[in-house]
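The values are calculated or read from the model by the stated rules, or taken from the named source; none is laboratory data. Remember, predicted model here, so these are calculated numbers, not experimental data. Counting neighbours? That spans all protein chains shown, and the Cβs are built from the backbone with ideal geometry, glycine included. Note: accessible area is taken over every heavy atom of the protein model, side chains too, but ligands, DNA and RNA are not part of it. Shrake-Rupley method; radii C 1.70, N 1.55, O 1.52, S 1.80 Å.
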Amino acid sequence: MSPPADMLTFEKARQRILAATKPVTNVETISLDAALGRILATDIVAPIDVPGAANSAMDGFAMAADTVSADTGATLVGTAHAGHPFTDNVGAGECVRIMTGAWLPTGTDAVVMQEQAQINGQHVALDAAPAPGAHVRPAGDDICRGQRVLAAGSYLRATDIGVLATLGQMSVPVFRRPCIAYFSSGDELQPPESELGPGQLYDSNRPMLAALLAELGFDTLDLGRVPDDPQALEAALERGESADAIVSTGGVSVGDADFVRETLAAKGNVDFWRVAIKPGKPLAFGHLGGTGFFGLPGNPVSAAVTFTQLVRPALARLAGGQPAAAQRHQRQLAETIERKPGRTEFMRGQQLTSDAGQAYVRALGHQGSGVLSSMGIADCFIVLPADSEGAAAGSAVNVEPFAQRLWA
Ligand code: AMP
Ligand code: MG
């Protein structure tokens, strides 16, 4: 069953949002200390070989392999430590005591581990002659000069910082951090410091959005709680236009107090506002000038699901990076799921392992889109395609763990 004509499939909505999102272009050069989690703005090409010269992978004895044998052993002529090379030439039948990381002395091409050699005064007996190149790390073993080690658009992880440090980089060019404006909307929403009156509830979406944006490491602009009032919404959108994108929750559906879509249409343009995703069907996407606008549904689980599935990948692209493809695997279903086809569904699930070691997954009992606490009990989404009529116990379903890599 395909969705109604004015409702986009989940895949199409994701594509449309990604295609409409332009990366920031401003570049700043920052200290390596501050670069964790930033997006690299240029390719990094190695200016040096790493390691710079052949060195020992073991503590032992360096020698020229074809000048020694188990019968002859070798004559000890010196010592090489990491950072303190042995600078004389090593002749045929000679060896140098060498520590891990020390440069290989001129005239040598192999290392015998100390466990396979015995020192007796100046003579070193060998269990066996080494093969040429044994226990030697050649120059450029890790990185060769001129090699591209990191590509523009890479998300800088701790190990990338290590690679940049290996090349002697003190600073790194990264894209400017995007600034994302966000607000929640709804007359019923209250701040935590107030007593709840009739019909009111605490605003959970706005702190949740702030945290979801903080996970991405973006700058944010908090536009507050906005009442269900077109003028107030207009004012919020005007303030948000200075940001790179605006994310809101609530007021995008078809109720009498849902004004977000019409306000967006009046101030900018609406690309689409219905997506065949469950939870989360009403989702307005459009622009105010060059600023992307994501109007998420008010139900907190819908807001969380649409943010992670549709907004987050776009924001990763906005930042100049590459959103990671969702990591999914198949799991056997513990209990039958029945459902109406029509929308791609992200059910909250729990992955379990039986005593016999069988891995399976089950959908949590209460899938209401207002039941935010269930996100803490679940550890994955069970992803059912739009045409699925459910799945029988024992059949395989797609599982998307909550713990996901966000950047490619
Ligand atoms: P709406 O999308 O505005 O129709 O809201 C759908 C449901 O989500 C309603 O029950 C709202 O009270 C609830 N809701 C909307 N915004 C929030 C919010 N920021 N925090 C908690 N619940 C909300
Ligand atoms: Mg509302």
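Below, the figures for the structure above:
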item: Selection status of residue 370, within 16 Å of ligand 2 (Cβ to nearest atom) and surrounded by fewer than 17 Cβ atoms within 10 Å (Cβ to Cβ); result: yes
item: Residues that are within 30 Å of residue 250 (Cβ to Cβ) and assigned to a loop (DSSP other than H, G, I, E, B), drawn from the stretch 328-349; result: 328, 339, 340, 341, 342, 343
item: Hits in the stretch 54-89 - residues which are touching a residue at least 60 places away in the same chain (Cβ under 8 Å) and of a type in the set (Ser, Thr, Tyr); result: 56, 69
item: Members of the stretch 291-307 found to be hydroxyl-bearing (Ser, Thr, Tyr) and buried (at least 23 other Cβ atoms within 10 Å of the Cβ), listed by number; result: 302, 306
item: So residue 224, is it without any contact (Cβ under 8 Å) to a residue 60 or more places away in the chain and within 30 Å of residue 144 (Cα to Cα); result: no
item: Count of the stretch 276-303 residues which are of a type in the set (D, E, K, R) and within 15 Å of ligand 2 (Cβ to nearest atom); result: 1
item: So residue 256, is it outside the structural domain of residue 367 (by TED's automatic domain parsing) and surrounded by fewer than 18 Cβ atoms within 10 Å (Cβ to Cβ); result: yes
item: Test: residue in the stretch 212-222 that is modelled with pLDDT of 95 or more and within 12 Å of ligand 1 (Cβ to nearest atom); result: no
item: Subset of the stretch 55-84 [closer than 20 Å to residue 168 by Cα and surrounded by 20 or more Cβ atoms within 10 Å (Cβ to Cβ)]; result: 55
item: Within the stretch 188-204, tally of residues that are more than 14 Å from residue 250 (Cα to Cα), open to solvent by 50 Å² or more (accessible area, probe 1.4 Å) and not acidic (Asp, Glu); result: 5
item: Residue 131 out of contact with any Asp or Glu (no Cβ under 9 Å at 6 or more places or on another chain) and in a loop (DSSP other than H, G, I, E, B); result: yes
item: Hits in the stretch 188-230 (condition: among the charged types (D, E, K, R) and within 13 Å of ligand 2 (Cβ to nearest atom)); result: 188, 203, 225, 228, 229
item: Among (1) farther than 20 Å from residue 314 by Cβ; (2) more than 9 Å from ligand 1 (Cβ to nearest atom); (3) of a type outside the set (Val, Ile, Thr) - the single one residue 189 does not satisfy; result: (2)
item: In the stretch 177-187, residue farthest from ligand 2 (Cβ to nearest atom) [restricted to those that are open to solvent by less than 70 Å² (accessible area, probe 1.4 Å) and part of a loop (DSSP other than H, G, I, E, B)]; result: 178
item: Test: residue in the stretch 36-53 that is assigned to a strand (DSSP E or B), β-branched (Val, Ile, Thr), buried (at least 17 other Cβ atoms within 10 Å of the Cβ) and free of Cβ contacts under 8 Å to residues at least 60 places away in the same chain; result: no
item: Test for residue 100: is it in a strand (DSSP E or B), open to solvent by 30 Å² or more (accessible area, probe 1.4 Å), over 26 Å from residue 155 (Cβ atoms) and among the hydroxyl-bearing types (Ser, Thr, Tyr); result: no
item: Criterion: surrounded by fewer than 22 Cβ atoms within 10 Å (Cβ to Cβ) and at negative phi - qualifying residue of 249, 220, 263; result: 220
item: The stretch 310-323: number of residues that are open to solvent by 10 Å² or more (accessible area, probe 1.4 Å) and either closer than 26 Å to residue 228 by Cβ or touching a His at 6+ places or on another chain (Cβ under 8 Å) (or both); result: 0
item: Lone qualifier among 154, 171 - being of a type in the set (Gly, Ala, Ser), touching a helix residue (DSSP H, G or I) at 6+ places or on another chain (Cβ under 7 Å) and crowded, with 20+ Cβ neighbours inside 10 Å; result: 154
item: Pairs with Cβ under 6 Å, 6+ apart, first in the stretch 366-385 and hydroxyl-bearing (Ser, Thr, Tyr), second surrounded by fewer than 16 Cβ atoms within 10 Å (Cβ to Cβ) and at pLDDT 95 or above; result: 374/364
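Conditions (1) modelled with pLDDT of 95 or more; (2) over 30 Å from residue 175 (Cα atoms), marked per residue:
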residue	(1), (2)
232	yes, yes
241	yes, no
246	yes, no
254	no, yes
263	yes, yes
270	yes, no
276	yes, yes
285	yes, no
